[in-house]
Every structure is written in structure tokens, then in C-alpha cells.
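The numbers here are math on the coordinates, done by the rules we state, and not lab data. The shown structure was predicted, so the numbers you read here are calculated from the model rather than taken from an experiment. Neighbour counts run over all protein chains shown; Cβ positions are idealised from the backbone, glycine included.
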Amino acid sequence: MRYNEPSPLETRIVSQRFDLPNPTSIDTYLANDGYVAVKKAFEMTPEQIIEELKTSALRGRGGAGFPAGMKWSFVPRNTGKASYIICNSDESEPATCKDRLLMENDPHQLFEGMLIAGWTIRANKGYIFVRGEYRYLIEILERAIAEAYDRGYLGKNILGSGWDFDLYTHTGAGAYECGEETALLESLEGKRGVPRLKPPFPAVAGAFQAPTILNNCETFSAVPWILRNGGQAFADLGTPKNGGTRLVCISGHVNRPGVYEMKMGYNILALINDVAGGMRNGKKLKAVIPGGSSSPVLRADECDIPYDFDSLAKAKSMAGSGGLVVLDEDTDMVAVALRTIKFYAHESCGWCIPCREGTTWLKKILTRFHEGGGRPEDIDLIAELADNMLGRTFCALGDAAAMPTTGFITKFRNEFEEYLKKSHVARVPQLALV
Amino acid sequence: MADLVNFTIDGRAVQAPKGTLLINAAKQAGIQIPAFCYYDGLSLQAACRMCLVEVEKTPKLQVGCTLPVAEGMVVHTDSPQVRKARKGTLEFLLTNHPLDCPVCDKGGECELQDMVFRYGAGQSRFIEPKIHVDEKQWSPIVFYDAPRCILCYRCVRICGEGLGVGALGIGNRGAAAEIVPNRGDHLECDECGACIDICPVGALTSGTYRYKTRPWEMEHVGTICTHCSNGCKTTLGVRNGDIMRANNRDRSGVNGEFLCVKGRYAFDFNEHPERLTSPLIRSGGELKPISWAVAIATVAKKFSEIRRVGKFGVIGSNHTSNEENFLLQSFARQVLRTANIDHHRTGDVAALIDALHGRTAALATTADLFTAKAALVIASDLAQEQPFVAFQLRNNARLNRGHVYAVTPGPVREDNYATTTRAEPGHEFEALETLREKLAAESELVILFGAAIKGDGIRRLVQFGDSLGAPVKYVCLVDYSNSRGASDMGLLPGLLPGYRSVREEGLEPGLNYDQILAARDLDALWVVGANPLSRNTLTSAGAFIVVQDLFLTETARRAHVVLPAASAYEKNGTVTNVCGDVQKLSRGPKTMGAKTDLEIVSLLAREMNEDSGARTPEQVFEIIRRTVPGYNVPVSVIETGGAAATAPVNGRVIHEPAPELIRSAGNTLFTSGTLGRYSNMLNRVMESPGALYHDPRKAPIMEQGSVQMEELQRPQ
């Protein structure tokens, strides 16, 4: 099902079947270009498929934006060993809610993308790692998988190709960290969800230490369209090096929050005003968190930029997982900073010291600060602690906590200073020795 | 050394083999890169982030413990950026770490203290409430204080990777993450305490040591564990003459990282309340305290009378030092003029020496076990009976890809990684034939065998080994700390020290262990550090019995004179481990009225006007080095705490085989013959043998005659 009305401004690629009747059915899928791309792939060499992906400028939709074609090309082929296709559907980044729609409304599109990946490296097994809280999606996925088996799109000798592919679902257990690809693999293997040392990267030693293609759900879902229409057609939709469309999850103080499939590089202000119906209650825009909660905040005056990986990187933020949070003039930025760090402190896996202790300490300071116990030196302390985490943690979770914190402090320092005026000295705790 | 790479650390040009981790390459160049989670020989974690260094041309700080050095790399380990990172990490660590250093066991030898002293911030900016979690007791030995834990995962890795036990894991997440034991609220494990020793802070503390002393109040005495035959170095922490703890303080022994529950915690027999502190003499049917002078005079007088006309039986020990054993046999043979001397034989060493006739290189050393391309274990549950040997083989397999084969009657821990085959006792050779092809494909092999292989079986085994083609070395597994030394030093009726026949000195072989106890006409039984009457009866009712021991054992209770002996921890000397490595015993605690067996024998000799002049262990060791084949080992190695390999192989050993006398006590990790009964800690860690792979509900198998074990005490 859909949770918001579509916008006429959308370019429907991965969401093209969302509004069809009975969208999860394999018949619907087959009637609408379904499993055409995989047949095409069977006629292509792995190099051709990878080349097509490279041309498409499809970049990883999970957050890092790594070129998918390049990622696939790193996977050693014909090693004689088992290899795996893993779909990262552990969508946990706050403000991101797109993979859920892809699985809920078009599971076969995802399967087809994974099948193409599987065929490319001749893998025989795929896993869809579904966020624990999305347990209800397992039923939809399992039903669709059963249909695909029945019609010969999964299982032995797929479409007479002589190649076998089995697909399984696997639920996470509710840890944000398991969205990190190597922590996901650990969890998939039945271990504690903590990240692995890299290198080796999953391409070489991923699931069960075997070569693995691991992509986000939306990335896989875009692959069938690319093979059907050509990489160039996909690339042409977006901006240079940022091919195709992107499911943008717009939330916050707008009139029509929702998930919209937009061409890469759509202007952020246009996203807010034209696609999402403008600011709620006629308020003024204060800030945008552009790519999920870990992306540094943009002030309103920084938002007149294209929504793609490179433009946002240039603005010292990131497109991340596509979760765009719109904040109006009434927003308490200290409260936003606190809410954000609370999430990361809760989700830090605890593996490394800077993230484990840093997020907790920041949460404690911001909690006290927010409750009126702030001290003038706390503002610099928060900034410095975030800086002590940045770039020093084992995985990106530490950075994901540090970057937004730094962003809030540097861009809205005045609001933190305002807070000090409301501070009650009595609430400032005395230094505890033990 | 073709594969050297050139790089620069702190302005110094350095070379290291390709693939060396930066942290190790720096160490070799004399530059310390600090780390908590990095630990040599354990898997890489990169979790503590203390080892971050600056590498030119990389955008952010690099992890020194996982980064292999590369040609042309330019590293800065002391730049402002690196110093700031270290300080920041330590500040993070201290946020939830209680600053209870004044009462923490680890205070004074804590890696976190040292790091903060060296790299850290003197002032904390943390003013928030700390996370507090109550301390937990996981077993009689292991206590865990979660707030002190810095989560370096060393304990998890040493337990899983090093010991093969895997009793520790990680629970919760984020700042609430903590180490959790395998049974939820308690541990079921080897209770070896490796996790406690390896803990860089005071998070894991031991039930024997906690809150008893400060590290700097103790004298640290490195000596050899007195329990099993593996010869692990244990460092006694001695304060005012009492042992406060035993641990693997400097990891300098043959055992490296390893100590088992006995090496770390079973020192407490030394201060057991039943420890004898005065000689006792039988008077009116009771044993009564008496002075040393009277006791020695009484024994000397009696011995002098009996040696003219009577028959002696002398039973020596598996625990006493080489010097004491040497002196005892020479005193017995030359002063008492008897050849009736033996000890509880737990392995047929003489038969192995004979079967090898002269091939000195065919005796494996302790170090060989860690480097051998392949090892074959026959009829021994190593993890239970020979824990350090098991550790060596397991880590050889893990770190050096050594192959391990095992032929055992029941399940063993080696099953987890080795090629194992079951064989009922007596059917070992059939099982060996099934392995022949694989064994023959190995380029070298060490064969370790338990007491089930003895006499002709050993000859057959050596023939099997010879038939494989590749060089084969052997280890005859024995039970106790100086079982090998007792055999080497001639506590045998037909063999002199170094396996020379007594006939070389014009003597006839005397009575053996069973014959001594069965003799009807024995006039005197002299038992030094053994407890033969715990399982056997003495036929000769009228014999004058002298016992030297730490406790009033079943045998001592029958004695006419009991002489309180010093324990191995209370004496200097040497012992020889299962592989024939000689190591030094160093005196730790005070002797509480007891005397070493060396002193006792010397006093008796003097009293009988037979003083040999050799009274100190050093003097006797010199005689051993000069006269015992294979024992001419370098003193410098022994004196500096090293292990010197002996090679007592001198051609054929002319002896009368007596395989029926080879009887292993079958000790487990938690038993240690008679001595183990007096260790409260061993008794408390009630674990059945092999509980880790047998049904835990099965009743624990206890040594015959062992005391009822106390109920395992759990935290309330």
C-alpha cells in the first residue's frame, strides 16, 4: 500500500507499479515488464551487465552512494567457491522509509534485481535481510518468493538457463548497527551484530567468508529498469555521476510528507515547496536534515541546491539514505540535537570506545543542557567530543553520531547560547569523583 | 629476507618483513604504540582505538594494530593529532570507569592507569552520573565488575581462541555492553583464570586474591607449578611469607600465555590448616609433636640398626625436586645399602628411552609441541590431564596450522579441531592403522601417549612411528610435576640416574613399588612425599615407617615418625617436565616449621655420619649435571628461569619391564592426587571431567578417596 498521494512531479521508475491493483502479485509484475530484464541478462556476459550498470551511474541507495557497477566488478567470479547476493533491507536510519515500500509494493522487482546480480557472479543463493521491525513484510516477501519458485523464476535451472538461484528472507533483531554491511553479515551468520574489520571487503570475503554482492534494497530494485532501458537512459535521468531517480522520504513540517520518486538532482527547495506541498501552517523553513538523521543539518539558506550525492557532499552534508527532514522556524534545535544523539547512544553497538562512550556522554550533556542545566563551556565540550569521535570509530556509526552533532552546534550555536539564559545553576551537577 | 619493506616511523628509517602489523613493526623499532585490545596471538579487534597513528597521505588517523606496513609509508606516532586522539580516547574510557583505583585489585599494575599516566588527561571534563552495575560472581574464582570493564574483548578471545572453551561472550550494547558468562549468571568452564590474568583493568578479579593486598606489597617469585607434569611457570605473589596469589605475571615460562586452574589457584594447599608444622612421633599409639633434633636422631638410629641386617623399602615422590630425588636414591643405595626404591610410576618413561635406544633427537621438547607440523595424541584426554600440552597443540593448530590427530577412548576437546578417532583401551593400534595414510603424509610428527601405552606397547609404537618415514618425536605423558624427574633420577629399583642399570655399580635390582608394599619381611618403609597407603595395604605389619609429607595422609597416619616437608613452593631446586625440560623452582613463602626433603635427607646423613657434603640444591644440581647422562644442561638457562631440554638417552636401557606398575592417577583439571585434596579452591570449583562436552547433569567423576566437594557457592 501507499501512505501518501503520489505527486505529478515524480519520475516513476522503481515505484512504477506501486499504484497498480494487486501490486505484489507475480501476474501484475509479469504484465508490467516483469522478469524481462533477467531474460535479457541471461543473454549478456557479466562484463556487459557490469558495464551497463557503470554507464547507468547507479549509486548505492543505502547511504554511502558507492557506484553499484564498480561494487559488482570487485567481486571475484568463477572462483569455484560459493558466492552470495545479499539485500540490505535493514532500513533503520531515522527519517528513511523507502525500502519498506519497495518490499511492500513490488517484491518481484527486488527479486529480479537480485537475480541479475546472482547471474552476474553466478551466485546460487541470495538473502534479503529485513529490518526486525518490518517483520510483517516477511509474509509478503515469502508469498512472492513462493510465487517466483512456482513460475520458475527461482530455484533450479531458472528459465532454462541451467543456473540455480535460491532466495531467503532473514530478519534482523532490531539493531541499527546491522544496517552496516559487515554487521549485517555477522547477524546473518547468527552472530552478534558488530561490524567486521575491513579489508577484506564483502565483495571478496562477505557472507560466510565468500564473495558477496551486498546492496541496498532500492539499488537492487533499480537494476531491472536499467537492463530493460539501458544504462544511459537511467543516467540521463539524473545529474552527472548521479544516475536515475531516488525515493526521497520527506518528513517533518510540510503539508504532504511522504515518499516521492524524484529525478536525482531535484532542487531541495522545490522538493519541499512543490512536491511536499510547502511548509505546514505557512511557517518559515529553518533547516533541513537532508539524508537521514546522520547527515549534517542544512540551514534554510543552504537548501537551494540539487538533491544528489555530490551536491550535498559539496554542501558538507550528505544525501545518505534519502530521508529528508524539514524543520520549521519553531523547531528547538537543541531538542533535535538531543533526539538525534539519543538515538545513536541507544544504537551504538558498543564495539569501540569512542562511539560507545562518546555517544553516551553527548547524550548526557545534551539531556542536562536541554533540561536547563547547561554551562557555557558545554557548547565547546559537545563540539570537541564530537570531534574526538569523528573519523576515529570502528565503523561509520560513530561518524553518523558525530557529524550531525557538530552540524547542530556550528550552525545553530546561537540557539544553544539562548538556552544558557534559561539555565538554572542549581541543575548544574557538581563534579563527581567516582 | 627478500620481503622487507622500508618505511619511516617518527623520522626513523625502519625495515620490517612485508605484512608486519604497524604496531609490531614499531615495537621492534623501539617505539610503543599503545593499545588495549591488541594482543599478540589473538584475533584483531581494532576496537579500543588507542593505537591510532598518523600516516602521511591518508585522510584520517590509521589503526596501528591492523595496518600492515607498506613500502614508503611515513608514520607519526607522536604528532599533536595522535596525542589528542589518545587523550580523547582515554577521556572517553574514564567517563564510565569508576575511579576506585585505591581499592581496586589492579591498582598499581593496571594498563588503564599506566595509559592515563602516560597519555591521558589529568583532569576530567565528565560531570554526569556514571553508569553503575553491581559486581557479579560467576564462579568461586571469577568475579566481574562491569563498570570497570573497558571492553577490550581479550578475555573473550583468550577463552575462545586460546583455551578452546569459549565460555565468555558479549551482552547488551552501547555503553551497557558487558561481558557475559556462558550460563547466563554463572560460568561453566575450566576455571583457569586466563580471563582474569589477561584483563588490562580490574574488571575480572579472582576469588582467591581480591581485596587482599596491593601488588607492590608482594614479592613476585617465578617458580614451577607443583601439580601436573606440564611444568608451567607460575609467579607467586608472596607477602610476609604467605602466598597471596599465583599468576602468569610476565608470561616468560614455557607456558607463555597459559596456566590452568591448578597453576593459578591451587597454591592454597600450602596454607591449609592441616599442614604439618612439627615432626610427629608415635608414642602410646598416638602421633605426638616432637623436636626436629629428636625426630632425626630417632630415625637415624633406627635406620642405622636396620641397615646392618634388615630390609628397607623406599618410596619416593612425583613432586620432590631432582636434587631431592637424586640425593634420596644415592642415600638409599649407598647409605642404607638397599636397591628397594621406587615411586608411583605414571608413565613408562624407561620403556620409551629403551625403545628409542640412543636417538636423543626423538624426544620432543615443550617448544616442539607448538611448532610441530603434526601431532598425534594417544589415550589421553589432554584438556583434562595435560592442560598446557593441550594448549600448545591447539594453538599450534590455530596459529601455525599444525595438524593434530587423536586416538582416545572417549570424546575429547581436540574433537573440535583435530582428526580424532575413538579406540577402546587395548585397541589403539587398530585405530592407528586407520590413520596411517594421513600420518605418513606428514613431514614430521610428535606422538604423545598416555599410560595405556606401556612396556612392549611403547616398542610397538616406536616401530609404528619408524614405519611412517618422516621424523617422529615422542612424549611419554606422565602425571605430576616431577614424575619425569623421579624416573630420570633413578627412583626405580633397577635403574640409576640417567637410566643406567644398577648392575653397572655391582648392585642387583631391588623390590619395586608393589613388591615393597607386599613384602612380608620389610623392616622399614621410608616414604618421601607419596601416599601409597591411600589405595594399597602394607603387608609387613612390623615395619618401622617414616613419612615425609606436608599433611597427615593415609600413609602418614600409619607412620612411626612423620617429618613435615616443605612444599615445592617453599624450596629451590629443579624439576623436569613431561617433555624432559628442566626448570628452576624458586622458594616463595616461608616454611612454617617444615624442612625441605633435601634438608631432611642431609640431616639424616649427617646424623648417621654419612655426610656427603652436598647440602644445597645448587651443589646437588652440579653433581647431577656432572654425572647424570643428558643432564649436562647450561646453568645460565636454568638460572634465568628458562627451560633446558634434557636428553637422557644412552643406548639401550637394561631394565626389567613392569608395565603393571604404570598407573596413571587419571587426574582431571580439578584434581591433583593427594595434594589436590588440600586445595580448597580446587574442591570448590566442582566440575565434572569434560563437563564442556559431556552431559553436565552427569555426576562428577572424583578421584578415589577424594574428600566430598563443597557445594559450589554462588552469589546470592
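Here are a few things to note about the model shown:
- Whole-Å distance, taken between Cα centres, linking the stretch B:329-391 and the stretch A:232-291: 79
- Entry note: the stretch A:333-425 has Rg to Rh equal to 0.96, where both radii use alpha-carbon atoms and Rh is the Kirkwood radius.
- Taking every DSSP helix (H) stretch of at least 4 residues in chain B, weighting each as -39,500 (n - 2.57) and dividing the sum by the residue count yields a mean residue ellipticity at 222 nm of -7000 deg cm²/dmol.
- Whole-Hz couplings from phi, Karplus 6.51/-1.76/1.60, listed for the stretch A:164-177; x for Gly and Pro: 9, 8, 10, 10, 10, 9, 8, 9, x, 10, x, 9, 4, 4
- Taking amide hydrogens as placed 1.01 Å from N in the peptide plane, the amide H of A:ALA82 sits under 5 Å from that of no residue at least 5 positions away in sequence or on another chain.
- Restricted to Cα atoms, the stretch A:245-328 shows a radius of gyration and a Dmax of 11.0, 32 angstrom.
- Checking the Cα-Cα distances for B:LYS106/B:LYS571; A:LYS364/B:LYS60; A:LYS263/A:LYS314 against a 21 Å cut-off, the pairs over it are B:LYS106/B:LYS571; A:LYS364/B:LYS60.
- Within 10 Å of each Cβ in B:57-70, the average number of Cβ atoms from other chains: 1
- Distant alpha-carbon pairs in the stretch A:26-237 (separation over 27 angstrom), percent: 23
- Alpha-carbon geometry of the stretch B:4-78: the Rg and the Dmax are 11.2, 30 Å, given in that order.
- Rounded to the nearest angstrom and listed largest first, the equivalent-ellipsoid semi-axes of chain B from its Cα gyration tensor are 48, 30, 24.
- One quarter of the surface of the convex hull around the alpha-carbon atoms of the protein assembly as shown equals 51.0 nm², the direction-averaged projected area.
- Spatially proximal aspartates and glutamates relative to B:LYS130 (Cα-Cα < 17 Å; intrachain offsets below 8 disregarded): A:GLU357, B:GLU91, B:ASP100, B:ASP145, B:GLU178
- As a proxy for reagent exposure, ranking A:SER89, B:SER636, B:SER679, B:SER664 by other Cβ atoms within 10 Å from fewest up yields B:SER636, B:SER664, B:SER679, A:SER89.
- Hits among aspartates and glutamates - C-alpha to C-alpha of B:LYS233 under 13 Å, sequence gap 8 or more where chains match: B:ASP250, B:GLU257, B:ASP581
- Near the amide H of B:SER501, within less than 5 Å, lie the amide hydrogens of B:LEU496, B:ILE654, all on another chain or at least 5 residues away, with H placed in the peptide plane.
- Inter-site label distance for B:ALA13 and B:THR616 at 7 Å from Cα along Cβ, in nm: 5.2
- For the stretch B:580-661: Kirkwood Rh in Å [reciprocal of mean 1/r, alpha carbons]: 15.5
- Nearest-ten-degree value, helix B:428-440 long axis tilted from longest Cα axis of chain B: 40
- Diagonalising the gyration tensor over the Cα atoms of chain A and scaling each eigenvalue by 5 before taking the square root yields semi-axes of 40, 25, 18 Å, largest first.
- The spacing between the stretch A:80-148 and the stretch B:283-321, judged by their C-alpha centroids, is 84 Å.
- DSSP bridge analysis restricted to the protein assembly as shown gives an antiparallel fraction near 50%, rounded to the nearest 5.
- Theoretical gain in end-to-end length, B:GLU424 to B:ASP3 [0.36 nm per residue, Cα-Cα removed]: 146.6 nm
- Rounded to the nearest 10 degrees, the angle from helix B:597-607 to the longest Cα principal axis of chain B is 30 degrees.
- Using alpha-carbon coordinates, inclination of helix B:617-627 to the longest axis of chain B, degrees: 70
- Among B:VAL165, B:VAL575, a tally of other beta-carbon atoms within 10 Å of each Cβ gives an order, fewest to most, of B:VAL165, B:VAL575.
- Estimated from helices alone, the mean residue ellipticity of chain A at 222 nm is -12000 deg cm²/dmol (sum of -39500 (n - 2.57) over DSSP H runs with n ≥ 4, per residue).
- From phi via Karplus (6.51, -1.76, 1.60), per-residue ³J(HN,Hα) for the stretch B:529-541 in Hz, x at Gly/Pro: x, 8, 9, x, 7, 6, 10, 10, 10, 9, 6, 6, 6
- Shielding score for A:354-367, defined as the mean number of other chain Cβ atoms within 10 Å: 6
- For the stretch B:35-100, the fraction of C-alpha pairs more than 18 angstrom apart is 43%.
- Beta bridge orientation in chain B: antiparallel %, DSSP, nearest 5: 55
- Normalised alpha carbon radius of gyration of the stretch B:349-476 [divisor 2.2 N^0.38 Å]: 0.94
- Restraint check, A:LYS54/A:LYS81; A:LYS125/A:LYS316; A:LYS316/B:LYS84, Cα-Cα greater than 29 Å: A:LYS125/A:LYS316
- Exposure proxy order (Cβ contacts within 10 Å, fewest to most) of B:THR20, B:THR591: B:THR591, B:THR20
- Principal axes of the stretch B:78-146: Cα extent on each, largest first, Å: 46, 27, 19
- Built amide H within the under 5 Å cut-off of B:GLY169, gap 5+: B:VAL180
- Partner shielding of B:165-178 amounts to 5, given as the average count of beta-carbon atoms from other chains within 10 Å of each residue beta-carbon.
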